[in-house]
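What follows draws every value from the coordinates through simple rules; no lab data is involved. Owing to the predicted nature of the structure, the values given are computational and were not obtained by experimental measurement. Neighbour counts are summed over all protein chains in view; Cβ atoms, including those assigned to glycine, are modelled from backbone coordinates with ideal geometry.
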Amino acid sequence: MALAIASGVAPQYGLYTAIVAGIAIALAGSSRVNISGPTAAFVVILLPIVQQFGLGGLLISGLMAGIILILLGVFRLGTLIELVPYPVTVGFTSGIAVVIATTQIKDFMGLEVTQHGTSYLASASAILQALPGFRWQELMVALATLFALLTWSRFGTRIPAHLVALLAGTLLAWLIGQYDPSLSVNTIASVFHYSIDGISGSGIPPLTPQLVWPWQQPDASGVPVGMSWPLITSLVGPAITIALLGAIESLLCAVVSDSMSGSSTDPNRELIGQGIGNIIIPFFGGIPATAAIARTATNVRSGATSPLASVIHALVILLAILALAPVLGLIPMASMAALLMVVAWNMSEAKHFVRILKVAPRHDVMVLITCFSLTVLIDMEVAVAAGMALASVLFIKRMIELTGMKLINPTTDHSGIDIPDEVMLYDINGPMFFGAAQNALKTLLSIRKEIKIVILDMTDVPMIDMTAMVAMQSIINNLEQHGIRLVFCGMSSEIQSKLVKARILDREKAILKFTRDESIAIARTILDGLDERITTQT
């Protein structure tokens, strides 16, 4: 409920999401113990969608994200998503935590914020301007809830701290209202209202999730959002962000649950399961869902070993809606805000954030700060895209630094290799890709005139791409124009096949040897042949 409210929709939509996702994703995915539903990571993405496109736009974007997730799984991109750099993940999750905590100050202190900014700075400014009008009773309830959340675990009981904290906050709010009705605290029932099939009420409707058409749900102005090409194109960006974040969260959750339970999750099948779930959820009024680490860890610690646990979890929530809807409506908004404050702190990974700042290489710190700042100041779409792009550029830079070509000089090399004066032996190390090829091979463009043979030791070259092959072609042509023979040493069969297929290498004419000794030996033979030819001509 708290996550739905933070996302800008009524609390029942969060419950519907937990019910439908808990069943659909558990049965369709690969993980046996993951619990899926609304998560805090989505709040920063979903709130702007609701503000701009309403509930209908949110449901359609979730449907589109489900399709994208299925495509990611079908094309087996799950393993690639697991490779998202750690500073990127910490950066945007910490940024999300800051945004969530900031947005909860309003309900935490009972502020009357008249203007909701479209950016973080505008929202923060509006909250600051409203601070003088805080309501002490709302703050008292929030602090009581927060105190219970932070201290209850010390008693060593199996009763969840969240349940005790919400009960404590609800009881305190009720007592304040009984003492003086004018001091009543805002609750779910006083803030949210519903009207379904002519039946109106306050709080949460005591009904099962109803089948709905996402495009018939209201937009930001309250009219059906419809389905149009301009709307779909406008939601492509948010849908991609939802899909990527959902994929990252679900696969990270799978790693955690696998380590705890000893099971093994197929990342691609898990993405397909997440996609199927997110396609089904909007037709029951649910918001985008993914695997929740906290709920999954609790599930594993409770002894869960099969998807049946997630199904039971969903059915318990359904029973709670049917039997306890009036009671759930009594929960204070201040208590929900305090709960989300703790959620934000837990997901902020403050210790890891500070540790990266202290010990990580400068480039990783740059990625961390970039992702964090963009998440807070702009939005998640820009943050994830910029973070991944920056991390990729820095990775390429590091690979370029690791890839190089070294001249083997008998006077400095202590391997005992005897290299003729007319022969130069170069050792190439690292992958030959677009970023490193030119840098590594440019040395071969300036060879001394007395050199007759060049040996390229490619034993430590694991791969070569098209850019490197073009550079290799230029080197071969340049050496041929200067009458210099080229000997390849230790070239893998895979690289040979690529060069032959590109018509850069001719297996019949090329000189290919496995070891340096063999390469130097054939170089001596070639030199002896050249000497004999020169002697004969003389």
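Points to keep in mind about this one:
- Sorting 133-146, 13-26, 388-401 by average packing, meaning the other beta carbons within 10 Å per residue, from highest down gives 13-26, 133-146, 388-401.
- Simple spin-label estimate for T298 and M388 in nanometres, 7 Å along Cα-Cβ: 3.1
- Helix axis angle, 350-359 relative to the chain longest principal axis, alpha carbon, degrees: 30
- Projecting label points 7 angstrom from Cα along Cα→Cβ for E112 and D465 puts them 5.9 nm apart.
- Pairs with C-alpha atoms separated by more than 28 Å, drawn from the list K106/K358; K397/K498; K452/K513; K397/K442; K406/K449, are K106/K358.
- The angle between the Cα long axis of helix 267-280 and the main principal axis of the chain comes to about 40°, on a 0 to 90 degree scale.
- Counting DSSP beta bridges with both ends in the chain, the antiparallel % (nearest 5): 45
- Here the dipole of the chain is about 460 debye; that uses its Cα centre as origin and unit charges on the Cβ of Lys and Arg (positive) and Asp and Glu (negative).
- Site pair L167 and S195 shows an inter-label distance of 3.8 nm when each label is modelled 7 Å from Cα along Cα→Cβ.
- The stretch between V236 and S221 holds 3.3 nm of extra length on full extension. This uses 0.36 nm per residue minus the Cα-Cα distance.
- Fully extended contour minus Cα-Cα distance, from W345 to L128, at 0.36 nm per residue: 76.1 nm
- Helix 380-402 and the longest principal axis of the C-alpha atoms of the chain enclose an angle of approximately 20°.
- Options [x] 63, 23, 21; [y] 39, 33, 24; [z] 42, 30, 22 - which one matches semi-axes √(5λ) of the Cα gyration tensor in Å as calculated here: [x]
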